[in-house]
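Asks: Before I ask anything, let me first share the structure, which is written out below as structure tokens.
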Amino acid sequence: MRFVDVAGARVSVIGLGTWQFGSREWRYGEAYARREALAIAGRALDLGINLIDTAEIYGLGRSERIVGRAIADRREQVFLATKLFPVLPVPPVTRWRGHASARRLGVSRLDLYQLHAPNPVISLGISMRGFAELQEAGLVEHVGVSNCSLRQWRQAEVSLGRPVLSNQIRYSLAVRRAEADIVPWAQANDRLVIAYSPLAQGLLSGAYTAGSVPHDVRRHNPLYLPENLDRAGELLDCLREIASGHGVTPAQVALAWLVRRPNVVAIPGASSVAQLEANAAAAELPLSDSEDRQLTEVSGRFRPAGGKGAVRRHRLAEAAGRLRRRET
Ligand SMILES: NC(=O)c1ccc[n+]([C@@H]2O[C@H](COP(=O)([O-])OP(=O)(O)OC[C@H]3O[C@@H](n4cnc5c(N)ncnc54)[C@H](OP(=O)(O)O)[C@@H]3O)[C@@H](O)[C@H]2O)c1
């Protein structure tokens, strides 16, 4: 495993995202929540991954509980990250919920406590106060934010009066907005970008087509619109070609491209131990500069259409089509 050293933290370039653990959105079921998730987290630690990312909102606390069980005897191996859901992030609530997360995780210290997203009404200045108190009390080692613009990240730092170690943002070959300012700033200022949805929720594995979109959270993801799956064709072909040259999978190439960027780590979720193992191995995949350039160029031409509105329109048209078929 490779590690990134930033602002006093040492974090594996491939981490483990655990939104999938016990949450309804992914529909992985009870057997996954009770057995596979524990096996995935355990294997992650065996393979040298130390960054495990969860959140109080995932499965309404269930993900944190599963992670807690998985790391119970191995606390010292983990750089443990969780998140505060931004409903009323005022100091007493933040203190109470930080302790509740730690209890579910079975730990006395959170290595990284992140604000899941800025609250549109409560300022970052107020939000950071509770985080500062938890840091001073020793429950929280590092503070992070998520889904923040660069301006908000810097504002959070000013409010905290200390470094805000990381910003967890959507970043992959399919979504590269963060490269405009967030990634360069992190690189120049000893900060960390934690890339979520680094496989564009599995799209970059090349496993899905317009006819095989899974019946889970991905049906609400604009990238999974038939038109966008078509538009992603060139990028997926490029990933497949480079992957076959290395004897690996497109998903591994997509992760390797991300974690070649300094100060960037990725936290892919996994539906099986085999996927976790493949993702961990991507940390060591030696992409060449020319392969990196090729992927960067091709992904720059990927322009997905629409947004949430387009997904709604598409699902409505699908439902209308089903109704018409039933009536004829
Ligand atoms: N801060 C935030 O707002 C935020 C938002 C979203 C996510 N996150 C965090 O980021 C983590 C990852 O993001 P994500 O789950 O949205 O997307 P992701 O990691 O891009 O995609 C995960 C999915 O891709 C598929 N996959 C994973 N490894 C694979 C492999 N080696 N080969 C083929 N397919 C593979 C699996 O689905 P199938 O096998 O079912 O295809 C898996 O569930 C989450 O678990 C969560 O911790 C944070």
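The values are calculated or read from the model by the stated rules, or taken from the named source; none is laboratory data. Note that the coordinates shown come from a computational prediction; the quantities given were computed from them, not determined experimentally. We place every Cβ from the backbone using ideal geometry, glycine too, and count neighbours over all the protein chains shown.
Asks: Filter segment 23-32 down to residues that are within 13 Å of the ligand (Cβ to nearest atom) and either closer than 21 Å to D73 by Cα or not in a loop (DSSP other than H, G, I, E, B) (or both), then give me how many there are.
Replies: We begin by selecting, within segment 23-32, every residue within 13 Å of the ligand (Cβ to nearest atom); these are 23, 25-29, 32.
In the following step, the residues that additionally are either closer than 21 Å to D73 by Cα or not in a loop (DSSP other than H, G, I, E, B) (or both) were identified as 29, 32.
Adding up the residues that qualify gives 2.
Asks: Within the bounds of segment 217-230, is there any residue that is in a loop (DSSP other than H, G, I, E, B) and at pLDDT below 95? Full working, then the answer.
Replies: To start, the set of residues in segment 217-230 that are in a loop (DSSP other than H, G, I, E, B) comprises 221, 225.
Restricting the remaining residues to those that are at pLDDT below 95 gives 221, 225.
So far as segment 217-230 goes, yes, one or more of its residues are in a loop (DSSP other than H, G, I, E, B) and at pLDDT below 95.
Asks: If a residue must be touching a helix residue (DSSP H, G or I) at 6+ places or on another chain (Cβ under 7 Å), under 29 Å from V11 (Cα atoms) and surrounded by fewer than 19 Cβ atoms within 10 Å (Cβ to Cβ), how many such residues does segment 206-230 contain?
Replies: The qualifying residues number 1.
Asks: Filter segment 170-193 down to the residues that are near the ligand (Cβ under 8 Å from one of its atoms) and either surrounded by fewer than 23 Cβ atoms within 10 Å (Cβ to Cβ) or not small (G, A, S) (or both) and list them by number. Full working, then the answer.
Replies: Keep residues of segment 170-193 that are near the ligand (Cβ under 8 Å from one of its atoms), which gives 170, 172.
Answer for segment 170-193, where residues must be near the ligand (Cβ under 8 Å from one of its atoms) and either surrounded by fewer than 23 Cβ atoms within 10 Å (Cβ to Cβ) or not small (G, A, S) (or both): just R170.
Asks: Hey, can you tell me all the residues within segment 194-216 that are assigned to a helix (DSSP H, G or I) and either modelled with pLDDT of 95 or more or near the ligand (Cβ under 7 Å from one of its atoms) (or both)?
Replies: We begin by selecting, within segment 194-216, every residue assigned to a helix (DSSP H, G or I); these are 203-205, 210-212.
Those that are assigned to a helix (DSSP H, G or I) and either modelled with pLDDT of 95 or more or near the ligand (Cβ under 7 Å from one of its atoms) (or both): L203, L204, S205.
Asks: For segment 236-282, which residues satisfy the criterion of being in a loop (DSSP other than H, G, I, E, B), within 11 Å of the ligand (Cβ to nearest atom) and farther than 26 Å from N189 by Cα?
Replies: Matches in segment 236-282: V248, T249, G269, A270, S271, S272.
Asks: Residues to consider are G138, G144; find the one that is farther than 16 Å from P92 by Cβ, within 14 Å of the ligand (Cβ to nearest atom) and either of a type outside the set (S, T, N, Q) or in a strand (DSSP E or B) (or both). Don't jump to the end; show me each part of the working.
Replies: Numbers: G138 fails: within 14 Å of the ligand (Cβ to nearest atom).
Exactly one residue qualifies, and that residue is G144.
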